[in-house]
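In what follows, a single structure is set out as structure tokens and then discussed.
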């Protein structure tokens, strides 16, 4: 089985890559054929086309998606992204990865994903608010705090979630307004968010990386890091790793790539990206091309951008000891096989970036209980759940003689299968 990069014709689409990963674990686990069939496609696929008034008085039609993959373990759960590349196949793959992620971390959620196909950088704040609210209204009862719970993703943030929450609140009865605060997670603190949610994905990633380093006898103090994508996940991971003594030597995003063998200051680079929209032109690093970025001398590689970036073209260039998947689906089948043949460890997305959904669960709990947890409490709980999942993955990898991704899937699928076999298929 092979997959090519986005540069040329693709043998496998992103959803087909997700299916191949599922099939591999199902074979190892000897998953019940009926459960395998159910999990091979989303439960619901919702596409909405909705008009929004622009600032100049004209109207534009937007296409939005909400894919609900599975909810046997709990409410559908997954982010909403605003990006020009959002399409049905991608959102289906992302929704399925959310199902495995929740099951692996033993969070009582299922998997979903959503998005709108447009570039948020081309719109004013007022237009973004109208787009968000109109999309939320179009979704209607297809979301809800006990049914489907959106969260931030690429191109969205806490403000986006607050607009979604407020729109949903004002679409129902008055007496239930505060009871539905948990319809979304990733909100601002003042509107019901959780401490630690903004850094959660990057923090969880580092917790897993630290555990890997202990297993390998590898010191993060003095380690070098390359990061693809410097948004929420990449920038927070960089800052946390910097405090542990690691040095970020190369960063790439949609605007270009920069490198500095003596280290790029994570906080200053994040501030620059917030001002300018990307890493291009950062004057404390040297501009490099895409090939040079993947070939950077870095112990740790963190893909934290789009899917299918590590491929048959880019994997041979890489010199890292470990790849920690901050993004969802950042490598295709060929890329993963090449890294495996080179002895590169992979900490898969369903574990490495699961800090986001885990702290989203904490936020949802706090909303339901009308509680506010301290940052220390959130971090301790997150650490415990991430390390437990890492240990389970490693145990199964050794037990079944499989790679980390397949082992992580085996635990997730085993839990889901148990519930299906206990409950049966209605009617």
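What follows is calculated from the coordinates using simple rules that are stated; it is not laboratory data. Since we're looking at a predicted model, the values are computed, not measured. Counting neighbours? That spans all protein chains shown, and the Cβs are built from the backbone with ideal geometry, glycine included.
Mean residue ellipticity at 222 nm from the helices of the chain, using -39,500 (n - 2.57) per DSSP H segment of n ≥ 4 over the full residue count, to the nearest 500 deg cm²/dmol?
That calculation yields -14000 deg cm²/dmol at 222 nm.
Under the Kirkwood approximation applied to all pairs of distinct alpha-carbon atoms, what is the hydrodynamic radius of the chain in Å?
21.8 Å
With springs connecting C-alpha atoms under 10 Å apart, model the chain as a Gaussian network and identify which of 144, 114, 281 has the largest mean-square fluctuation.
281
Quick check on region 42-181: take the gyration tensor over C-alpha atoms, sort the square-rooted eigenvalues as a ≥ b ≥ c, and tell me if it's rounded (a/c under 1.5), prolate or oblate.
On the way: a/c = 2.03, a/b = 1.33, b/c = 1.52.
It comes out oblate by the Cα gyration axes.
With a Cα-only, solvent-free Debye model of region 128-230, what are the log10 I(q)/I(0) values at q = 0.17 Å⁻¹?
-0.80
Can you tell me which of 64-71, 80-87 comes out highest on packing, and rank the rest after it, using the mean Cβ neighbours within 10 Å?
Details: 64-71: 24.8, 80-87: 20.4.
Answer by packing, highest mean first, reads 64-71, 80-87.
Restricting to Cα pairs below 8 Å that are 6+ residues apart, what does the relative contact order work out to for the chain? Please round to a whole percent.
17 percent
Highest first, please rank the peptides 205-212, 324-331 by the mean number of other Cβ atoms sitting within 10 Å of their residues.
Numbers: 205-212: 23.5, 324-331: 26.1.
The peptides rank, most packed first, as 324-331, 205-212.
Using the number of other C-beta atoms within 10 angstrom as an exposure proxy, rank 375, 139 with the fewest first.
375, 139
Pick from 76, 230, 50 the residue whose mean-square fluctuation is largest in a GNM of the chain, springs joining Cα atoms under 10 Å.
Its mean-square fluctuation being the largest, the pick is 50.
Take the chain, connect every pair of alpha-carbon atoms lying under 10 Å apart with a spring to form a Gaussian network, then pick out the residue of 77, 43, 199 with the largest mean-square fluctuation.
Taking springs between Cα atoms under 10 Å, the residue moving most is 43.
As a footprinting exposure proxy, order 224, 276 by other Cβ within 10 Å, with the fewest listed first. If you can, show how the numbers build up before the last one.
On the way: 224 20, 276 12.
Fewest-to-most Cβ neighbours within 10 Å comes out as 276, 224.
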